[in-house]
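Here is the structure we will look at, set down as structure tokens.
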Amino acid sequence: KKPELPNDVMFQATVVRAGDLPDGNESSVAVEVPVNELQTKEDTHTNLYSAHVSIVAEIKDKSGTVIEHFGEDISKRGSLESADKGKSEVITMQRHFMSSPGQYTMEVAVLDGLSGKSSAKRIPFEIPDPKAGSGPGLSDMVLVRKMDAYDEEADPTEPLKYEKAKVTPNLVGLVPHDSKQVSMFVILHPDAKATDPPVLEMQVIHNGKPGRRVPLPLKKATNAGAVPYLASFPNSLSPG
């Protein structure tokens, strides 16, 4: 029996599977720690608060061999006036890796640098074989937390990129009521044998009640390559 994992800091973690891209089968590790789960230190001289978290993630194959190891120490600072607003924010670690199809496990550990509290999770996942199926496919879809400009030359294989921006996923799945829009990101893998241009249909389901299906025409991908797609709509959604 495996020992129980610590669970004193609530956090979210996932693997976003992008699928076959020009450099290989890419996936992203995303870990999200709410600031209000961390102890903060207040400095009345500078009028700032600070929080510190250490995040470690390992990807293991079916045999238990570590194939990827990621880690980062992250500090967060903000003004005391915005402390309440800041505590609704999150600290994110995001990395990407290439792997062959198969069964894997992600192990994630989070340590609050100020309180010493920690948490860990063990998350099994599978990288499907793209040759096992036929026809078009989709990557995992992510709710977008934010888009940041990034240097494509420094990291040309980043899978969660759209035009000149990098997508940070919203893992908790909550959209602030004052958000101006809601965005979803997905990578399309068109059928290489199809002659007609691909069409993406999107449907929003509210409390189990489906809305209408909206077709989103797409340009035909060159050389049947992957097509990153960002769907945004105004945040006129009812709570639910």
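The values are calculated or read from the model by the stated rules, or taken from the named source; none is laboratory data. Computed from a prediction, not measured in an experiment: that's the story for all the values here. Note: ideal-geometry Cβ built from the backbone for every residue, glycine included; neighbour counts use all protein chains shown. Ligands, DNA and RNA are excluded from the accessible area calculation, which covers all protein heavy atoms including side chains. Shrake-Rupley method; radii C 1.70, N 1.55, O 1.52, S 1.80 Å.
Per residue, how much accessible surface does region 1-131 expose to a 1.4 Å probe? Answer in Å², no decimals.
55 Å²
Under the rule of -39500 (n - 2.57) per DSSP H run of 4 or more residues, summed and divided by the residues of the chain, what mean residue ellipticity at 222 nm is obtained, to the nearest 500 deg cm²/dmol?
That comes out to 0 deg cm²/dmol.
Could you check how much of the accessible area of region 137-240 is carbon and sulfur, as a whole percent, using a 1.4 Å probe?
The value for region 137-240 is 54 percent carbon and sulfur by accessible area.
Setting aside same-chain residues fewer than 8 positions from LYS62, which aspartates and glutamates have a Cα under 20 Å from its Cα?
The reachable aspartates and glutamates, counting only those whose Cα sits under 20 Å from LYS62, are GLU26, GLU107, GLU126, ASP129.
What distance in nm separates the two pseudo spin-label positions at TYR162 and VAL66, each 7 Å out from Cα along the beta-carbon direction?
Going from the TYR162 label point to the VAL66 one covers 3.5 nm.
List nothing, just return the count: lysine pairs in region 87-234, 8 or more apart or interchain, with Cα separation under 16 Å.
Lysine pairs meeting both conditions in region 87-234 amount to 7.
Residue by residue, what Karplus-based ³J(HN,Hα) values in Hz, rounded to whole numbers, does region 171-183 have, using 6.51, -1.76 and 1.60 with θ = phi - 60° and x for Gly and Pro?
My calculation for region 171-183 gives 7, 6, x, 10, 10, x, 5, 8, 5, 6, 8, 10, 10 Hz in order.
When the dipole is taken about the Cα centre of region 97-238, and only Lys, Arg (+1) and Asp, Glu (-1) are charged at their Cβ, what size is it in debye, to the nearest 20?
Roughly 520 debye, rounded to the nearest 20.
Multiplying the sequence separation of GLU58 and LEU218 by 0.36 nm and subtracting their Cα-Cα distance, what value in nm do you get?
That works out to 54.0 nm of additional length.
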